[in-house]
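S.K.: Got a structure here, written out as structure tokens. Questions coming.
The values are calculated or read from the model by the stated rules, or taken from the named source; none is laboratory data. If you're wondering where the values come from, they're calculated on a predicted model, not measured in any experiment. Cβ: placed from backbone, ideal geometry, glycine included. Neighbour counts: every protein chain shown.
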Amino acid sequence: MWEPVNKDLLGSAQETKKSLTYWQDVWRRLRQNIMAMIGLIMIATVIFLAIFGPMLSGFSYSEQNTALANIAPNIQITNISGEDYVLVHNDYKLIEATKDGELIGALEILEDNKTEKYILYLINGKEVKFDYSLAQKNKVKGSNSMENTDMKTKYDIYVDGQLIDKYDVKNVWNKTYILGTDNLGRDVWTRVLYGARISLTVGLIASVVNLFIGVLYGGISGYEGGRVDNIMMRIVDIINSVPLLLIVILLMVVISPGLQTIILTIGLVYWVGMARLVRGQVLSLKEQEFVLAARALGVSKAKIIVRHLIPNAIGPIVVSMMMSIPSAIFTEAFLSFIGLGVSAPEASWGTLANDALGGIRSYPYQLIVPSVAIAFTMFGFNFLGDGLRDALDPRLRK
Amino acid sequence: MASLLEIQALKKYFTKSNGFIKKVEQHVKAVDNVSFSIEHGETLGLVGESGCGKSTTGRTIIKLYQPTSGRIIFDGVDITNFSEKEMLPYRKKMQMIFQDPYASLNSRMTIADIIGEAIDVHKVTTSKSERDDMIADLLTRVGLMKDHASRYPHEFSGGQRQRIGIARALAVNPEFIICDEPISALDVSIQAQVVNMLEEIQRNTGMGYLFIAHDLSMVKHISKRIGVMYLGQLVEIGDRDKVYSNPAHPYTKALLSAIPIPDPLSEKAKNRIILQGDVPSPINPPSGCHFRTRCKYSTKECAKCDPVLKTIENNHQVACHLFKQ
């Protein structure tokens with residue numbers, strides 16, 4: 001009835017499945033997490049745009065055109081006659097545009113009368129008078145005229161002496177500068193993309209510094225323990241207790257402000273959190289039996305840290321690294337915003353926001369664009385970081 | 001011929017400092033004055049309750065802990081104060097099998113890497129193919145398949161993991177293996193398999209074992225001699241049959257009476273010795289004989305002087321004042 005199987009015959013029947021490696025397993029779980037994948041796509045988009053965007057936008061980040069300064073992404077164009085449209089700029093001037101919203105450029109000025117407050121333009125052989133004396137009149141009459149931002153009440157347009165309907169306007173998207181221009185007539189879209197390069201560079205360097213200095217420092221401190229650990233952690237405490245702003249300002253004295261100062265500062269400070277995290281992980285891991293087994297085999301200290309301890313702490317390390325990138329980007333934006341960052345004409349998201357602050361009432365889009373860029377990137381990294389934390393936790397392995 | 005391993009008055013104290021302003025140093029006397037020796041091809045079983053210092057003894061012998069005092073003589077060489085570098089050749093001769101098959105394998109490494117690490121450190125093989133062959137051979141020796149090499153520890157059961165742990169220890173062809181409760185985390189049926197495998201390996205290679213366990217019947221099965229530890233001290237040591245049939249120390253008697261007998265009638269009739277009180281703290285062990293607080297035979301002499309191991313019959317020593325030389 002029952003008899004032992006011939007072992008040789010069994011050999012071919014027993015096939016072993018090629019097992020998933022750790023990272024394949026992580027990737028499988030990460031793919032199932034919709035939020036993490038959204039985050040990953042967001043980050044990929046930002047990285048792609050940062051690398052290729054400035055090449056494709058058609059403008060350079062420093063190219064100025066003061067005639068076309070402060071033009072919003074969504075513009076109102078007024079029909080002069082036939083196919084001729086003009087954009088009435090908040091700075092009391094007319095800019096020629098096509099009916100699709102392409103900006104042609106500054107117009108030929110026949111007369112600029114500052115006492116009577118009108119400008120005479122020549123458009124396609126027609127004499128266009130832009131009379132902004134109403135602004136002064138309405139200001140006197142109006143009760144809270146200081147708050148009056150409605151441009152419509154401030155001007156009249158005459159074509160060949162004939163008053164035209166200034167309310168006959170059309171809302172179009174700015175085809176030339178898709179996100180408008182800043183106060184020097186630079187393309188905001190190009191500058192935001194260029195800012196993404198700087199912000200991502202800072203984020204990347206912060207994470208690399210985190211990884212190398214923080215992980216090794218924490219690993220050595222945790223594994224050595226005792227007096228070495230004590231001294232190394234007190235150094236960390238000292239670094240951690242000096243405010244970031246103070247370090248930046250002090251470094252400004254030594255080296256000139258700019259990207260390298262920010263990178264240096266972030267490099268000096270950002271690994272501290274990671275070092276603490278890794279030390280804590282290593283402290284709990286080093287008492288595990290697999291570490292004792294490696295020691296009993298005579299594996300060297302460096303190899304134990306690199307091959308046994310750090311790979312087992314990789315989950316928290318990767319998550320912390322992911323979370324440190326947005327925080328570094330935010331620090332850079334903050335430092336640039338308060339004027340300690342990159343200098344003009346270079347742009348980072350922080351300096352863009354800072355530059356836009358002056359014209360926040362008239363040109364809010366200049367502030368919104370970099371803010372959205374910062375928020376978008378933060379969301380991306382945080383979603384991915386959260387997803388990775390779940391994916392890297394072996395307890396959730398299915 | 002010298003003993004394979006000789007332990008002389010081994011002590012391992014763990015220092016614990018308390019207090020912030022006034023530092024108070026306390027010593028946990030995990031291993032306190034333990035001496036024994038193991039011959040080539042012999043198995044010494046080390047038994048005792050939890051926290052009595054069995055595992056610490058094992059770990060101190062293999063120098064995972066630096067001993068506080070005493071001497072460890074391996075193959076006639078005193079390795080007590082050897083540096084990590086000097087120890088390296090002895091790490092090849094002395095290996096360890098761990099208790100928890102789940103914690104003792106690095107979950108981020110494949111089985112080939114886990115076993116291969118031992119081979120790499122001691123450069124047992126010279127070429128990649130030789131290394132692969134050796135890993136395959138080791139896996140077959142411990143009853144696994146060679147295809148298992150590319151797998152990760154979490155894909156194995158507890159018994160299989162313990163076999164991997166044994167394969168790792170065997171990879172360097174040691175002369176002596178410390179088995180630190182290798183079977184206590186396994187099912188009974190798997191325990192028998194692993195113990196039989198260890199015995200077979202011993203028969204084939206003639207290596208010595210220090211078998212640490214708290215399962216008395218399993219220790220009786222595998223060991224030639226048995227040492228009984230209580231609160232960091234060796235209270236009795238001798239040939240297996242002598243210790244089991246004629247236990248001398250009151251603690252050994254109590255310990256052995258706890259072995260269940262697989263027969264309800266004799267189990268009922270058995271005279272079980274139940275010790276009173278708890279194990280004293282190893283920070284402040286009782287003076288004299290450590291066992292005197294729980295011993296019904298204790299006398300004034302027990303509190304005054306430390307008992308030393310005395311030979312009561314051939315190959316049977318006990319540390320108790322009840323026995324006079």
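S.K.: Are there strands (runs of 3 or more DSSP E) fully within the range B:112-230 with at least 2 residues that are touching a residue at least 24 places away in the same chain (Cβ under 8 Å) and touching a Pro at 6+ places or on another chain (Cβ under 9 Å)? List them.
M.R.: In the range B:112-230, the matching strands (runs of 3 or more DSSP E) lie at B:208-212.
S.K.: Only one of these is over 30 Å from B:His249 (Cα atoms), at the interface with chain A (Cβ under 8 Å from one of its Cβ atoms), in a loop (DSSP other than H, G, I, E, B) and of a type in the set (Lys, Arg): B:Arg108, B:Arg91. Name it.
M.R.: After ruling out the rest, the residue left standing is B:Arg108.
S.K.: Quick one: B:Pro174 ticks every box in (1) touching a strand residue (DSSP E or B) at 6+ places or on another chain (Cβ under 9 Å); (2) away from every other protein chain (no Cβ under 14 Å); (3) at pLDDT 90 or above except a single one, so which number is it?
M.R.: (2)
S.K.: Of the conditions (1) hydrophobic (A, V, I, L, M, F, W, C); (2) touching a Leu at 6+ places or on another chain (Cβ under 8 Å); (3) part of a helix (DSSP H, G or I), A:Ala333 fails just one. Which one is it?
M.R.: Going through (1) hydrophobic (A, V, I, L, M, F, W, C); (2) touching a Leu at 6+ places or on another chain (Cβ under 8 Å); (3) part of a helix (DSSP H, G or I) one by one, A:Ala333 breaks only (2).
S.K.: With A:Leu277, A:Leu283, A:Leu264 as the choices, which residue is more than 12 Å from chain B (Cβ to nearest Cβ) and under 30 Å from A:Leu193 (Cα atoms)?
M.R.: Exactly one of A:Leu277, A:Leu283, A:Leu264 is more than 12 Å from chain B (Cβ to nearest Cβ) and under 30 Å from A:Leu193 (Cα atoms), namely A:Leu264.
S.K.: Take the residues in the range A:286-304 that are outside any helix (DSSP H, G or I) and of a type in the set (D, E, K, R), then tell me which one is nearest to the other protein chains (Cβ to nearest Cβ).
M.R.: The residue in question is A:Glu287.
S.K.: Can you tell me which of (1) farther than 19 Å from A:Leu309 by Cβ; (2) polar (S, T, N, Q); (3) within 9 Å of chain A (Cβ to nearest Cβ) is the one B:Ser83 doesn't meet?
M.R.: It is condition (3) that B:Ser83 fails.
S.K.: Also: What's the number of the only condition in (1) under 26 Å from A:Ser336 (Cα atoms); (2) modelled with pLDDT under 80 that A:Ala206 fails to meet?
M.R.: So A:Ala206 meets the others, but not (2).
S.K.: Continuing with this model, one more query. What is the number of the single condition among (1) hydroxyl-bearing (Ser, Thr, Tyr); (2) in contact with a Phe, Trp or Tyr (Cβ under 9 Å, 6 or more places away or on another chain); (3) closer than 15 Å to B:Asn33 by Cα that B:Ser287 does not meet?
M.R.: Failed condition: (2).
S.K.: Please work out which residue is nearest to A:Leu103 (Cα to Cα), limiting yourself to the range A:40-82 and to residues that are within 25 Å of the chain's Cα centre (by Cα) and of a type in the set (Val, Ile, Thr).
M.R.: A:Ile71
S.K.: Go through the range A:180-237 and count every residue that is outside any helix (DSSP H, G or I), small (Gly, Ala, Ser) and surrounded by fewer than 18 Cβ atoms within 10 Å (Cβ to Cβ).
M.R.: 2
S.K.: Out of the residues in the range A:129-160 that are over 22 Å from A:Tyr363 (Cα atoms) and of a type in the set (Lys, Arg), which is modelled with the lowest pLDDT?
M.R.: The selected residue is A:Lys141.
S.K.: So in the range B:123-138, with the set limited to residues that are of a type outside the set (Ser, Thr, Tyr) and either under 24 Å from the mean Cα position of the chain (by Cα) or more than 29 Å from A:Ile314 (Cα to Cα) (or both), which one is nearest to the other protein chains (Cβ to nearest Cβ)?
M.R.: B:Val124
S.K.: Given the conditions (1) more than 14 Å from every other protein chain (Cβ to nearest Cβ); (2) surrounded by fewer than 22 Cβ atoms within 10 Å (Cβ to Cβ); (3) closer than 24 Å to A:Gly387 by Cβ; (4) in contact (Cβ under 8 Å) with a residue 60 or more places away in the chain, report the number of the one that A:Ser343 does not fulfil.
M.R.: (3)
S.K.: Here's something else I'd like to know. Checking A:Ser371 against (1) more than 14 Å from A:Leu193 (Cα to Cα); (2) modelled with pLDDT of 85 or more, which test does it fail?
M.R.: It is condition (1) that A:Ser371 fails.
S.K.: Inspect the range A:308-325 for any residue being away from every other protein chain (no Cβ under 14 Å), touching a Ser or Thr at 6+ places or on another chain (Cβ under 9 Å), assigned to a helix (DSSP H, G or I) and among the β-branched types (Val, Ile, Thr) and give the result as yes or no.
M.R.: Checking the range A:308-325: at least one residue is away from every other protein chain (no Cβ under 14 Å), touching a Ser or Thr at 6+ places or on another chain (Cβ under 9 Å), assigned to a helix (DSSP H, G or I) and among the β-branched types (Val, Ile, Thr).
S.K.: Here's something else I'd like to know. How many residues does the range A:238-259 hold that are in a helix (DSSP H, G or I) and under 30 Å from the mean Cα position of the chain (by Cα)?
M.R.: 15
Matching residues to (1) of a type outside the set (S, T, N, Q); (2) touching a helix residue (DSSP H, G or I) at 6+ places or on another chain (Cβ under 7 Å); (3) modelled with pLDDT of 90 or more; (4) not in a helix (DSSP H, G or I):
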{"site": "B:Ser50", "(1), (2), (3), (4)": "no, no, no, yes"}
{"site": "B:Thr60", "(1), (2), (3), (4)": "no, no, yes, no"}
{"site": "B:Gly70", "(1), (2), (3), (4)": "yes, no, yes, yes"}
{"site": "B:Ile73", "(1), (2), (3), (4)": "yes, no, yes, yes"}
{"site": "B:Gln95", "(1), (2), (3), (4)": "no, yes, yes, yes"}
{"site": "B:Ala103", "(1), (2), (3), (4)": "yes, yes, no, yes"}
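S.K.: With respect to the numbered conditions (1) without any contact (Cβ under 8 Å) to a residue 24 or more places away in the chain; (2) surrounded by 13 or more Cβ atoms within 10 Å (Cβ to Cβ); (3) of a type outside the set (Lys, Arg), which one is the sole condition not fulfilled by A:Ser256?
M.R.: Every condition holds for A:Ser256 apart from (2).
S.K.: Sticking with this one: Out of all the residues in the range B:39-59, which are surrounded by fewer than 22 Cβ atoms within 10 Å (Cβ to Cβ), closer than 26 Å to B:Thr205 by Cα and away from chain A (no Cβ under 14 Å)?
M.R.: The answer is B:Glu39, B:His40, B:Gly41, B:Glu42.
S.K.: Another question, then. Kindly indicate the residue of the range B:103-124 that is crowded, with 24+ Cβ neighbours inside 10 Å and hydrophobic (A, V, I, L, M, F, W, C) and also nearest to B:Asn173 (Cα to Cα) among those meeting that condition.
M.R.: B:Ala118
S.K.: Does the range B:290-314 hold any residues that are closer than 22 Å to B:Phe36 by Cα and of a type in the set (Asp, Glu), and which are they?
M.R.: Scanning the range B:290-314 gives B:Asp306, B:Glu313.
S.K.: Now, a different point. For the range B:14-48, enumerate the residues that are modelled with pLDDT of 90 or more and in contact with a His (Cβ under 7 Å, 6 or more places away or on another chain).
M.R.: Matches in the range B:14-48: B:Val47 only.
S.K.: Just wondering, is there one or more residues in the range B:68-79 that are more than 9 Å from chain A (Cβ to nearest Cβ), crowded, with 16+ Cβ neighbours inside 10 Å, more than 24 Å from A:Ala313 (Cβ to Cβ) and among the acidic types (Asp, Glu)?
M.R.: yes
S.K.: For the range B:243-257, enumerate the residues that are assigned to a loop (DSSP other than H, G, I, E, B) and of a type in the set (Ser, Thr, Tyr).
M.R.: B:Ser257
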